[in-house]
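The values are calculated or read from the model by the stated rules, or taken from the named source; none is laboratory data. Since the model is a prediction, treat every value here as computed from it, not as a measurement. For neighbour counting, all protein chains shown are included, and Cβ atoms are generated from backbone atoms with ideal geometry for every residue, glycine included.
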Amino acid sequence: MGRIAAPHGVRGAMKVKPQSADASSLVAYREWWLRAHASVAAWTAYAVQAVREQSGMLVVELSGVNSREQAAALRGADVGVPRAQLPPLAEDEHYQADLIGVTVVNREGTPLGVVIGFVESGAHPILRVRGDAGIERLIPWVGQYIDRVDAHAGRIDVDWPADY
């Protein structure tokens, strides 16, 4: 739902870049889970002591993070909340995390690869797809290119050429 961007001040506060459509969505949660540097490391829970919006970012103080050095060590960490606490989705909505590993197929029926993540571009998310031989494709997550998403079947249909 976000990523630690940088320390803020000298007492352990941090700037957080929200990665959801609503920048304030993390404000409501009293406990955040952090995973260092998008690794396979375990998620660690932190109580939120204070959080506020500031210039499109969030400034947060977490329990146990009491110095600029401790905050700097968390730079790049993913921020999440337990799945059970997330709001229900509308029929045509999906959590990005649920689409990791889903197969992407173009209109000609050619498998392009599997979803390995998303890139935030400011205007809209960009789907990262890794195909055979490690070839990575970046497909804008907009209706012009995304035809259908069936997360339960593990498939996303796209209007994207295989040679692009």
**Fill in**
Residue set 105, 129; condition out of contact with any Gly (no Cβ under 8 Å at 6 or more places or on another chain), farther than 30 Å from residue 10 by Cα and either touching a residue at least 60 places away in the same chain (Cβ under 8 Å) or assigned to a strand (DSSP E or B) (or both); output residue 105
**Message:** Between 65, 40, 81, 60, which is within 14 Å of residue 18 (Cα to Cα) and either at pLDDT 95 or above or exposed (fewer than 14 other Cβ atoms within 10 Å of the Cβ) (or both)?
**Reply:** 60
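Results for (1) touching a Lys or Arg at 6+ places or on another chain (Cβ under 9 Å); (2) touching a residue at least 40 places away in the same chain (Cβ under 8 Å), shown as yes or no for each residue.
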| position | (1), (2) |
| --- | --- |
| 15 | no, yes |
| 43 | yes, no |
| 48 | yes, no |
| 52 | no, no |
| 56 | yes, no |
| 67 | yes, yes |
| 82 | no, yes |
| 94 | no, yes |
**Message:** Being part of a loop (DSSP other than H, G, I, E, B), small (Gly, Ala, Ser) and in the same structural domain as residue 14 (by TED's automatic domain parsing) is the requirement here; does residue 122 meet it?
**Reply:** no
**Request:** Quickly run through segment 108-119 and pick out the residues that are outside any strand (DSSP E or B) and either without any contact (Cβ under 8 Å) to a residue 12 or more places away in the chain or not hydroxyl-bearing (Ser, Thr, Tyr) (or both).
**Result:** 108, 109
